[in-house]
Every structure is written in C-alpha cells, then in structure tokens.
Amino acid sequence: MDFPNLLSGNTFQSTVVITVLLAFAGYLVTYLGNRMMARRNARLQLVDRRLNEFYGPLYVASRAGNIAYRSLLQKQGKTQCHPIAPHEMKEWMLWMTTIFMPLNDIRERIIIEKAHLIVEEEMPYCLLEFVTHVVGYKAVLAKWAEGDCSETRSTVGWPPEFDRYVERSYAALKAEQTRLIHSTVSRLYRHLSSSRGNSKIA
C-alpha cells in the first residue's frame, strides 16, 4: 500500500486511513498492555502462594521456635542449650516434646508437602539438613517414650543457614509482592483515570 499517495488524496480517504492506523495502534497498545497485566497478575498469584503456603508459615514457625529457644536459655541462665546437665533433663524433655518438636513437625510438613513452591530450581541444602535434623529427633523422642533417656539430641545438628534462608526468602518475596501490588494498582488507576477523561471528552 502506498501510504504517501493515500494521504495526499482526498480528505475522506486520508481520514479513513488515519482512523484505521489509530485504531490499529490503539488495539496494539491495549493488547500489549493486557499481556503485561496478565503476566504481572500471574506472577503476583505465584508470589502470594509462596508466601501464604510456604515461606510465610515457615517464617512464623521459625520465629516462634527461636523465641521459645531463647526463652528457655534465659530461664536456665545459659547461652546455648547443650550440653544438658542431669538436673535440666526433665525440663529439656518437656520443652522438646511440647514446643520444639511440634514446631519442627509443622516446618517439616511444609517443606515436604509444598516443595513445589520453593523459589530455587533445586532444593536448598539447608532445608534438606533441617528435615534430617527433625528425623533424628524423632528417633530420640521414640527412645524417651520407651524410658531410654541416654540420648538428648539429634545425631544431625541444627543447620545454621536454615533461619537465615527462611528470613531472607520471606523478606524478598514480601518486597516483590508489595512492588507487584503497587504497580498493578497504579496501572489500574491510570487506566480508570484515562477512561473517565475520554468519557468526558465524548
């Protein structure tokens, strides 16, 4: 199509061409905008799921566990739990069975059942270490239930990177969630404002 010749023709023909071009441009802008919005909404939904079903509950349970652990240490006047003196064993068993292991069970279940929501492509090693740590304590508690208190801790130590990983991932996802929400709200506000402006002109 020879656009210069068309535009240099009669006014009606030029008007039709310009109208078609503007309509196409408007359609293209709307199409691209809708695609961007759909991608943003899909990303926001994924971030919401990761926060609500994985990192959020994991973060809360971890924070609660840390607060409880520090509370026990403060009560006993210690800076670390182990080694456990014979006179501390009864209280340690009580806290382990009623507070620490229930929180461990919650975190273990989240990691196993919701592993598909992990941010990384591969399972972070600290999560695997944590699950192994919990499994070790299950064996210890089973012995306690049979009256054998010769063991006081899991054969696999607490993974030092676990808490940092959970806190760092939770904070990063919350920041992304806030950014996506604000960007979506701003886009909708601009769209509604533009629509109202167009309706007034019409």
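Some points to look at:
- Breaking point among (1) within 34 Å of the chain's Cα centre (by Cα); (2) under 21 Å from residue 97 (Cα atoms); (3) surrounded by 14 or more Cβ atoms within 10 Å (Cβ to Cβ), for residue 177: (2)
- Being out of contact with any Asp or Glu (no Cβ under 9 Å at 6 or more places or on another chain), surrounded by fewer than 16 Cβ atoms within 10 Å (Cβ to Cβ) and closer than 17 Å to residue 154 by Cα is true of residue 97.
- Enumeration of residues in region 84-113 that are of a type in the set (Lys, Arg) and farther than 15 Å from residue 61 by Cα: 90
- Check on residue 43, under 23 Å from residue 119 (Cα atoms) and modelled with pLDDT under 95: yes
- Residues that are surrounded by 14 or more Cβ atoms within 10 Å (Cβ to Cβ) and among the aromatic types (Phe, Trp, Tyr) were ranked within region 120-157; the one that is farthest from the chain's Cα centre (by Cα) is 144.
- Condition check for residue 155: modelled with pLDDT under 95 and under 25 Å from residue 89 (Cβ atoms): yes
- Among the candidates 73, 103, residue that is touching a Ser or Thr at 6+ places or on another chain (Cβ under 9 Å), surrounded by 10 or more Cβ atoms within 10 Å (Cβ to Cβ) and touching a residue at least 24 places away in the same chain (Cβ under 8 Å): 103
The values are calculated or read from the model by the stated rules, or taken from the named source; none is laboratory data. Keep in mind the model is a prediction, meaning the values are calculated, not measured. Because the Cβ atoms are built from the backbone with ideal geometry, glycine has one as well, and the counts that use them run over all protein chains shown.
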